[in-house]
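Enquirer: Quick one: this structure, given as C-alpha cells, is what I'll be asking you about.
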Amino acid sequence: MVLPGHIIGVDESGKGDFFGPLVVAGLLAGEADLPFFDELGVRDSKCLSDRRCVALDERLRARYPHQLVVLMPVEYNRRYDQLRNLNILLAECHARVISTLVELTRTNKQKVDLAVSDKFGKAERLDTALAKVDCRLPVRQMVRGEVVPQVAAASILARAEFIRRMEQLSTEWSIELPKGASSQVDEIGRRLVSKHGAEILTQLSKKHFKNYRRAMSGDLFGK
C-alpha cells in the first residue's frame, strides 16, 4: 500500500520472544524511494530469513533517516513492572522513535507528513504517549501495517537489531538463546537457572512470559 508524502514507518521486534530485547524501529522515506525498496526486496521481516534481514538493514540504515529504541531485558523488566501493560510500554517506545525522528528531520530540514505504525493495541495509547513527548505529527495505526513499505522497512531494522542483540547475548553467556516462546525456550531457561541461578532470567528474558514460571519450576507443562 503506497501512501502519499514522506512517511515514518514504525514497527517492533522481540515482543513475542522470551529471550532478548524489545526493539522498536522507525524509518523515514517518501514515494520517490519506493522503487529502490522494490529493487532491494523490502517486505515484512517475518517473510525474510535472518541473514537477509541483516543484509537489508545495512542498506536501509546507510540511506534513510532512522531511529531505534532497544530495551534490553533488565530495562524491559523494570519498565514492565512499573506499567504492568505491554501495550502501554510499546506505545512509549513507538512515541520515542517517532518524536526523535521528527526532531531529526526538523534539524536536517527534511519533510515528514505522517507516521504509520503496525497496530498493537488501543489507538489512544499511542496518541497519549505522543502527547506526553509533545509530538504533534499525525499518526495512523494499521492492522498488518507492514503492507506499507516504510513500515516493512522499519520491521527489517527492528528484526535485524534483535538478531544482533540475541547473538551478542548468546556469545556472552556461551549458550544459543532460541527465539520465540516454545518448549525449547523453556528447556534453555531451566538450564540457565540451574547453572547461574534465578537472577539470570532477569538479564536475559522477559519475566512476565509464562516461560519464566516454567523455567523456574522445571515444569515444561506448567501454566
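Enquirer: For the range 154-161, does any single residue satisfy the condition of being among the acidic types (Asp, Glu), over 30 Å from GLU31 (Cβ atoms) and modelled with pLDDT of 95 or more?
Expert: No, there is no match, as no residue in the range 154-161 is among the acidic types (Asp, Glu), over 30 Å from GLU31 (Cβ atoms) and modelled with pLDDT of 95 or more.
Quick grid of which residues meet (1) within 23 Å of SER182 (Cβ to Cβ); (2) in contact with a Pro (Cβ under 6 Å, 6 or more places away or on another chain); (3) touching a residue at least 12 places away in the same chain (Cβ under 8 Å); (4) assigned to a loop (DSSP other than H, G, I, E, B):
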residue	(1), (2), (3), (4)
VAL2	no, no, yes, yes
VAL10	no, no, yes, no
LEU28	no, yes, yes, no
ARG43	no, no, yes, yes
ASP57	no, no, yes, no
VAL69	no, no, yes, no
HIS94	no, no, yes, no
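Enquirer: Please work out which one of (1) in a helix (DSSP H, G or I); (2) surrounded by 15 or more Cβ atoms within 10 Å (Cβ to Cβ); (3) not hydroxyl-bearing (Ser, Thr, Tyr) is the condition PRO178 fails and give its number.
Expert: The failed condition is (1).
Enquirer: With respect to LEU137, determine if the residue is assigned by TED's automatic domain parsing to the domain that holds ARG61, surrounded by fewer than 20 Cβ atoms within 10 Å (Cβ to Cβ) and either in contact with a strand residue (DSSP E or B) (Cβ under 6 Å, 6 or more places away or on another chain) or among the hydroxyl-bearing types (Ser, Thr, Tyr) (or both). Write out each step before concluding.
Expert: Values: assigned by TED's automatic domain parsing to the domain that holds ARG61: yes; surrounded by fewer than 20 Cβ atoms within 10 Å (Cβ to Cβ): yes; either in contact with a strand residue (DSSP E or B) (Cβ under 6 Å, 6 or more places away or on another chain) or among the hydroxyl-bearing types (Ser, Thr, Tyr) (or both): yes.
Yes, satisfied.
Enquirer: Also, I was wondering about something else. Taking the condition of being within 10 Å of the chain's Cα centre (by Cα) and of a type in the set (Val, Ile, Thr), how many residues in the range 146-179 meet it? Give the derivation first.
Expert: So in the range 146-179, the residues within 10 Å of the chain's Cα centre (by Cα) come out as 154-162.
From what's left, of a type in the set (Val, Ile, Thr): 156.
Summing the residues that are within 10 Å of the chain's Cα centre (by Cα) and of a type in the set (Val, Ile, Thr) in the range 146-179 gives 1.
Enquirer: Still on this model: Quick one: how many residues across the range 157-166 are more than 14 Å from ASP11 (Cβ to Cβ) and either outside the structural domain of LEU22 (by TED's automatic domain parsing) or among the hydrophobic types (A, V, I, L, M, F, W, C) (or both)?
Expert: The qualifying residues number 2.
Enquirer: Out of the residues in the range 43-64 that are closer than 30 Å to ARG106 by Cβ and more than 17 Å from the chain's Cα centre (by Cα), state the one that is surrounded by the fewest Cβ atoms within 10 Å (Cβ to Cβ).
Expert: Only one residue tops the list, namely ALA62.
Enquirer: Out of the residues in the range 96-128 that are on the phi < 0 side of the Ramachandran plot and free of Cβ contacts under 8 Å to residues at least 12 places away in the same chain, state the one that is surrounded by the most Cβ atoms within 10 Å (Cβ to Cβ).
Expert: Only one residue tops the list, namely GLU103.
Enquirer: Against the definition (closer than 26 Å to GLY189 by Cβ, touching a residue at least 60 places away in the same chain (Cβ under 8 Å) and outside any helix (DSSP H, G or I)), how does GLY16 come out, yes or no?
Expert: yes
Enquirer: Can we say PHE162 is over 14 Å from LEU3 (Cβ atoms), outside any helix (DSSP H, G or I) and aromatic (Phe, Trp, Tyr)?
Expert: It is false that PHE162 is over 14 Å from LEU3 (Cβ atoms), outside any helix (DSSP H, G or I) and aromatic (Phe, Trp, Tyr).
Enquirer: Looking for whichever is out of contact with any helix residue (DSSP H, G or I) (no Cβ under 8 Å at 6 or more places or on another chain), at pLDDT below 95 and under 30 Å from CYS47 (Cβ atoms) here; the options are ARG144, ARG140. Which one fits?
Expert: After applying the criteria, what remains is ARG144.
Enquirer: Would you check which residues across the range 104-130 are among the hydroxyl-bearing types (Ser, Thr, Tyr), touching a helix residue (DSSP H, G or I) at 6+ places or on another chain (Cβ under 8 Å) and in a helix (DSSP H, G or I) and list them?
Expert: The answer is THR128, and nothing else.
The values are calculated or read from the model by the stated rules, or taken from the named source; none is laboratory data. What you are looking at is a predicted structure, and each value in this text was computed from that prediction instead of being measured. A quick note on method: Cβ atoms are made from the backbone with ideal geometry, for glycine too, and the neighbour counts reach across all protein chains shown.
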